[in-house]
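First the structure, then my questions, so here it is.
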Amino acid sequence: MTDTDRRALEAQVAADVRAMTAESDQIGRHFASRHDVSANDFRALLYVMVAETAGTPLTAGDLRSRMGMSAAAITYLVERMIASGHFRRESDPADRRKVILRVADHGMDVARGFFTPLAEQTHLALAGLSDADLRAAHRTFAALIDAMHAFRVQLEPTSG
């Protein structure tokens, strides 16, 4: 494969990521609309779920930083998400002084109810791919996530 072919393939992958991001954004908009939450509420739920799945739960301060909101705005958002049953607070087992955010049972039930059909569509879409293809795709996504994370860190005020 020539360097030009390689760059074209990388450009196709980048275009695919942008298309997937756009589809994901639209799905998130539908979720928010159907469950009477704001777009920021959905983003917060997504951040907390991703962090929890990765084993690195967020504090309200971590969430504020990720969302680029003021302390007062994130406090209001977190309180609203707790009151609606989407979030719960929990003491950090490593440092009891810290409070981490978790997705509450109701929040998981709502997310599961909405996203299970997407999981079924995903299963059908991937059924024809080999395990080796899926492992390669996972490595590709991991590399892309790492690249996006590194770029985001460069964009943050403290890294300049």
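Throughout, read-outs are computed from the coordinates displayed, never taken from laboratory work. On a predicted model such as this, the values are computed, not experimentally measured, just so you know. Every residue, glycine among them, receives a Cβ derived from its backbone with ideal geometry; neighbour counts consider all protein chains shown.
HN-Hα J couplings of the range 151-156 from phi, Karplus 6.51/-1.76/1.60, θ = phi - 60°, integer Hz, Gly and Pro as x?
5, 4, 4, 5, 7, 6
Using just the C-alpha positions of the range 12-105 as equal point scatterers, what log10 of I(q)/I(0) does the Debye formula give at each q in 0.12, 0.15, 0.18 1/Å?
-0.41, -0.62, -0.85
What order do you get for F151, F31, F87, F115 when you list them from fewest to most C-beta neighbours inside 10 Å?
Result, fewest neighbours first: F151, F115, F31, F87.
Shape verdict for the range 66-160, please, from the Cα gyration tensor: rounded (a/c under 1.5), prolate (a/b greater than b/c) or oblate.
oblate
How many nm separate the modelled label positions at T116 and D131, each set 7 Å beyond the Cα in the direction of the Cβ?
Roughly 2.8 nm, to one decimal.
Here's something else I'd like to know. Just from its helices, what would the mean residue ellipticity at 222 nm be for the chain, if runs of 4 or more DSSP H residues each count -39500 (n - 2.57) and the sum is divided by every residue, rounded to the nearest 500 deg cm²/dmol?
-25000 deg cm²/dmol
Work out, step by step, the length gained on full extension between S65 and A142: first 0.36 nm times the residue separation, then minus their alpha carbon distance; give nm to one decimal.
25.5 nm
List the residues whose amide H sits under 5 Å from the amide H of A104, counting only those 5 or more places along or on another chain, with H placed 1.01 Å from N in the peptide plane.
Counting only residues 5 or more places away or on other chains, the set is F87, R88.
Counting other beta carbons within 10 Å of each Cβ, put H86, H123, H35 in order, fewest first.
Fewest to most other Cβ atoms nearby, the residues stand as H123, H35, H86.
Could you run the Karplus curve 6.51 cos²θ - 1.76 cosθ + 1.60 with θ = phi - 60° over the range 116-124 and give me ³J(HN,Hα) per residue in whole Hz, x for Gly and Pro?
4, x, 5, 4, 5, 4, 5, 4, 5
Turning to a different aspect of this structure: Once amide H atoms are built 1.01 Å from N in the peptide plane, which residues 5 or more positions from T59, or in another chain, come under 5 Å H to H?
Sorted by chain and number, the residues that satisfy this are L101.
Still on this structure, please answer the following. Modelled label-to-label distance, H123 and A11, 7 Å Cα→beta-carbon offset: nm?
With each label point 7 Å from Cα toward Cβ, the separation is 3.9 nm.
Run the simple label-point estimate for D95 and V153 please: 7 Å along Cα→C-beta, distance reported in nm.
1.9
Calculated from the structure, Rg/Rh (Cα atoms, Kirkwood Rh) equals which of [x] 0.92; [y] 1.01; [z] 1.10?
After the calculation, the listed value that fits is [y].
Also, quick follow-up: Got a sec to turn the phi values of the range 102-112 into Karplus ³J(HN,Hα) couplings, 6.51 cos²θ - 1.76 cosθ + 1.60 with θ = phi - 60°, whole Hz, x for Gly and Pro?
Karplus values, whole Hz, x for Gly and Pro: 10, 7, 6, 3, 4, x, 5, 4, 5, 5, 4.
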